[in-house]
1. State whether one or more residues within the stretch 433-443 are charged (D, E, K, R), outside the structural domain of K308 (by TED's automatic domain parsing), part of a helix (DSSP H, G or I) and out of contact with any helix residue (DSSP H, G or I) (no Cβ under 6 Å at 6 or more places or on another chain).
2. So, P461, is that one part of a loop (DSSP other than H, G, I, E, B) and surrounded by fewer than 17 Cβ atoms within 10 Å (Cβ to Cβ) or not?
3. Taking the stretch 184-216, which residues are of a type in the set (A, V, I, L, M), at pLDDT 95 or above and not in a loop (DSSP other than H, G, I, E, B)?
4. Select from the stretch 567-587 the residues that are surrounded by fewer than 20 Cβ atoms within 10 Å (Cβ to Cβ), over 14 Å from F277 (Cα atoms) and not hydroxyl-bearing (S, T, Y) and list them in ascending order.
5. Pairs only if they're at least six apart or on different chains, beta carbon under 6 angstrom, first in the stretch 88-103 and more than 22 Å from Y119 (Cα to Cα) and touching a residue at least 60 places away in the same chain (Cβ under 8 Å), second of a type in the set (S, T, Y) and assigned to a loop (DSSP other than H, G, I, E, B); list them, first residue then second.
6. Identify, from the list L418, L411, the residue that is modelled with pLDDT of 90 or more and under 17 Å from F382 (Cα atoms).
7. Which condition number in (1) at pLDDT below 95; (2) in a strand (DSSP E or B); (3) not hydroxyl-bearing (S, T, Y) is the one that D615 fails?
8. Checking the condition in the same structural domain as Q533 (by TED's automatic domain parsing), exposed (fewer than 14 other Cβ atoms within 10 Å of the Cβ) and over 28 Å from the mean Cα position of the chain (by Cα), which residue from V300, V353, V349 passes?
Amino acid sequence: MGNAKSLLLSLAEGLDADKIDKAHISLVNEMAKKNIIKQQKNIYELNSDYRAGRLDVSSNGTGYLETFGREDKKDLIIEPKDLGGASKGDIVVAKRVFPKSGRIKAKVVLIAQKGFDTYVGVVNGASIVQNIKTALPITVNASKKSLKQLPQGTLLKIESLTGNIKEVLGVLSDPAMDEKISLALFDKEEFFSKQSEEEAKSHGNEVDKSLYPNRVDLTHLPFCTIDPNDAKDFDDAIYFDEKNLAIYVAIADVSEYVYPFGSIDKEAKSRGFSIYFPHKSIPMLPRTLSENICSLKPNVDRLVFGFKIILDKTTFEPKSEELFEGIINSKKRYTYELVDKFLNGSMSVKDSVDEEILSWLIPLFKLSEKLREKRLQNAFSFRSSEIRMKLDEDQNIIETKIEEETPSHALIEECMLLANKAAAKKINYGIFRTHEPPAFEKIEGLLDDLLTVGIEAKFLPELPALIRQIQKQADEIGIRNEVDKLIIKSQKQACYTPECNGHFGLGFQRYAHFTSPIRRYSDLILHRILKAQLKDEDKLLKYQLENIDALCENLSDLERESDKVAWDFMDRKFARWAALHINESFVCKVTDAGKNAVSALDDELKGARIFLINDDLELFEKVKVQILASDITSARITGKVVKRLESV
């Protein structure tokens, strides 16, 4: 999905003709014929009347173009008659139209790339195929007779350009189809190509450290990993030298196994991130790598790329941050739950390995508390609890629970933050994790919403002070979790940028993603950049940084898509549950009040979004909601409030 976007981003800034990818030549030629682009000397760029971007289409058919690579970020309106066959999500080029009065509009002149390669269609009783996202009919290259032979509710994966049926997924009534639907809606593939699988297997299962004489041998140190109970891949391991106040953060050295432009690299780049469902993961890398040779499993040698960070004993600021290529042998794989029991004293030491690790892990935990306290003087602590869903063997919901941060989570977070900050300091240009401050209009909206729940916060130009003021009042009236969600909603999304723009939420001037190369392509790219710098390979570094701005933007898009896949899946599971409980009533909490009110299920089961027909509700109030309808196709639950239980 990123190919056309990367080209158009480059053209918006000016693209050297010698650096045009072979895959883009035909598109460049087409744009040149239509006078969309001009060439000055050896540089191609968009003509001034044209804008490239991603198309959004509202329910009334009006298009809005989000432009690429321009400072004039205001969306361009495109009338339905001027869409030129383009649909929501498509990457297009549009020509600006200047009316005598009113807002500048645009007309689509080129569909550079369809937003999604495939649609998911469902066959209804009249043998008409409907787009599962829009409920609109889809033109399919299949006869009416062949469609009639398919059972009602058959799910089809359809090529968006040709209308050909690519795959019959199954039937809508089968809960096992939800993961296939969610993946197909966003063009995500579960399985890897044969070439990638063979390339992954070629690396074997073991590391022979004698083959790596130039690496730092740390196999004698008692590293450990701490991860969720169901984790299959282990990105990071830690060790603490208490005497020297040195924290070792060792990260799986994925770049040793994934070569630029190899089969695995191409697929990892297109995936961008691993996707996590409640019952399984869709990895960014083949499992042969992610769960084997790259994974920092216990009692086996593994290659790592990491930091040795020595802290000042008075200020706890880093005195030195040494980046190293090494080999470790993790001595234990812990879960967060087990480490929490060790930390709160409810679990006694099991064996000598536990004893050795706990001799440094407990002092590290105490140090991490000090680091956290110091960090939060300039940053924010949000109580954003996540919903964890458990499924039965038929993929129906058994239960949901709220997962909150525990001491073990906080310990690992502080170590990873130190390493990510250290990595960001090593580069001036590359791939940073950026989080810009919220827009003034968003803060105004937040303050208005807070007034409705009894929080009267005075505007302060220093946003960290304002947010702390809001959180203090929220604590006093017992709605901190809900208010934190509102604050998060008012903020901009974090993204990847080639230049350092700081991280508002964390309060860091420099920040990057370094610690999860098994699960995030951004981290793998940063590893490659850092290695090129370490080895003074200027040509390789320059090569790594080519088109890095387009890559950053594409990864930001892929990250949001990965999140949407996971959310869509959970919505589908909730919709199936709700379909079995029509006309029943459940306790909910209002999360959006007003004309288009929404509530979140807050009963024995938690988290499902229920769209309400009521419009006279108060934000955060507890209500009894009767489920009126549940559309499994669109994963939308509708209900009405039958009783008001409690206001904030």
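The values are calculated or read from the model by the stated rules, or taken from the named source; none is laboratory data. In this text the structure is predicted, and so the values were computed from the model without any measurement. Note that we place each Cβ from the backbone using ideal geometry, even for glycine, and neighbour counts take in every protein chain shown.
1. Yes.
2. So P461 fits the description; yes.
3. Selection gives A200, L211, V216.
4. Within the stretch 567-587, R576, W577, A579, L580, H581, I582, N583, E584, V587 meet the criteria.
5. Qualifying pairs under 6 Å: none.
6. Matching residue, one of L418, L411: L411.
7. (2)
8. From the options V300, V353, V349, the qualifying one is V349.
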